[in-house]
Amino acid sequence: MVEAKLNLDIAQKIAEFEMILNRILPKKIFYRLLLRGKGMEFDGYRSYSPDEDSSSIDWKASTRAGTLLARQYIEEREIKVVFIVDVGDNMIFGSQKKLKCELAAEIVCSLAHTMLNANDKVGIIFVNTKIVKMNPPDGGKKMFDFIVYNTSDPKNYGGSSDIGYSLKEVLEYVNPSVSLIVLVSDFLKVNENQAKQFEEIGNLIETIAIMIRDPLDITLPNINKEVVIRDIDSGEKLLINPKIAKKVYEINARNQLIETRKVLTKANIDILELNTSEEFPYPLATFLKRRVATRDK
């Protein structure tokens with residue numbers, strides 16, 4: 001459990017993210033288009049306006065018509081988004097200015113703010129190896145305040161974590177009326193044995209995974225002295241020399257990352273990989289733009 005206050009800049013990050021999002025997905029292109037058409041129904045074509053983002057252009061239809069045509073949609077149903085956020089001990093870690101859980105909190109609050117401002121409904125489920133806390137999809141300021149308060153509350157963090165295992169319980173609480181699931185974790189324990197859980201949720205509901213890792217999840221510092229490391233789950237301590245163990249550590253980390261990508265991709269889950277050494281607003285906004293650009297391909 002986190003004892004100290006979390007280092008969060010939620011208001012600032014929301015402003016940065018929405019400024020970038022509005023710049024690269026202007027006016028008539030909304031974040032909801034990232035749903036690849038789920039929740040939106042194709043309504044026909046209209047003349048393309050120069051002040052729009054070019055991703056709205058249907059190039060095949062434009063070629064046939066001899067003029068630029070943009071796709072337009074009508075809302076088919078209410079959009080509900082559920083965040084599934086890893087709050088285990090593994091997320092209370094970081095070698096940079098932000099812990100993984102702090103970056104995750106800012107990301108979730110930024111996305112939730114954008115979605116709620118579009119009059120959609122947002123829900124959230126905090127998990128470690130089980131559900132820690134949850135609130136079903138709802139709209140308005142009250143829901144936003146709930147998300148900010150609980151992602152900022154140190155008492156909600158801690159415990160052994162395994163997001164793949166926790167999906168067994170999560171699947172009992174989500175249903176096809178949900179339009180989008182956003183998984184937020186470091187996914188460090190994902191392996192082929194969990195493929196079924198991810199495939200079940202990925203095939204039931206459109207899902208994206210936001211993977212947050214720290215540089216120390218990928219490599220060890222080049223220190224030629226013995227240090228003590230501790231296993232988060234077992235508490236077991238091990239004396240190592242990072243310079244000697246570095247190569248093997250990096251190979252294992254790379255293999256686990258490759259396996260995680262394989263499991264998520266097979267489950268039809270898009271992945272955004274972020275690092276605590278970097279700011280998230282631009283990578284997150286461009287990730288959404290790529291989904292807009294590819295949704296009708």
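Values in this text are rule-based calculations from the coordinates and carry no lab data. What you see is a predicted model; the values in this text were computed from it and never measured. Using ideal geometry, Cβ is built from the backbone for each residue, glycine included, and neighbour counts are taken over all protein chains shown.
Numbers for the structure displayed
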{"item": "Sites Gln256 and Glu199, calculated FRET efficiency, Cβ-Cβ separation with R0 25 Å, nearest 0.05", "result": "0.85"}
{"item": "Estimated distance in nm for a label pair at Ile57 and Ile229, the labels positioned 7 Å out from Cα along Cα-to-Cβ", "result": "5.0"}
{"item": "Ordering of 86-97, 271-282 by packing [mean C-beta count within 10 Å, highest first]", "result": "86-97, 271-282"}
{"item": "Label-point separation in nm, Glu278 to Glu192, each point 7 Å along Cα→Cβ", "result": "2.9"}
{"item": "Under 5 Å, built H, 5+ apart or other chain: amide partners of Thr207", "result": "Ile181, Asp270"}
{"item": "Placed amide H near Lys133: partners under 5 Å, 5+ positions off or other chain", "result": "Phe126"}
{"item": "Ranked list, fewest to most other Cβ atoms within 10 Å of each Cβ, for Phe144, Phe17", "result": "Phe144, Phe17"}
{"item": "Rounded to the nearest 20 debye, dipole of segment 53-197 from Cβ charges on Lys, Arg, Asp, Glu", "result": "100"}
{"item": "Fluctuation leader among Lys243, Lys98, Lys80 - the chain, Gaussian network, Cα springs under 10 angstrom", "result": "Lys243"}
{"item": "About the Cα centre, charge dipole magnitude for the chain (Lys/Arg +1, Asp/Glu -1 at Cβ), debye", "result": "580"}
{"item": "Under 5 Å, built H, 5+ apart or other chain: amide partners of Ile79", "result": "Lys121"}
{"item": "Over 24 Å [Cα-Cα, the chain], rounded percent", "result": "54"}
{"item": "Fraction of antiparallel bridges per DSSP, the chain only, in percent to nearest 5", "result": "45"}
{"item": "Under the span-like rule (Cα at least 24 Å along the axis, Kyte-Doolittle mean at least -0.5), DSSP H helices of the chain", "result": "100-117"}
{"item": "Projected-area average for segment 146-297 over all orientations - Cα convex hull basis, square nanometres", "result": "11.4"}
{"item": "Computed lengthening from Asn175 to Arg64, 0.36 nm per intervening residue step minus Cα-Cα distance", "result": "35.9 nm"}
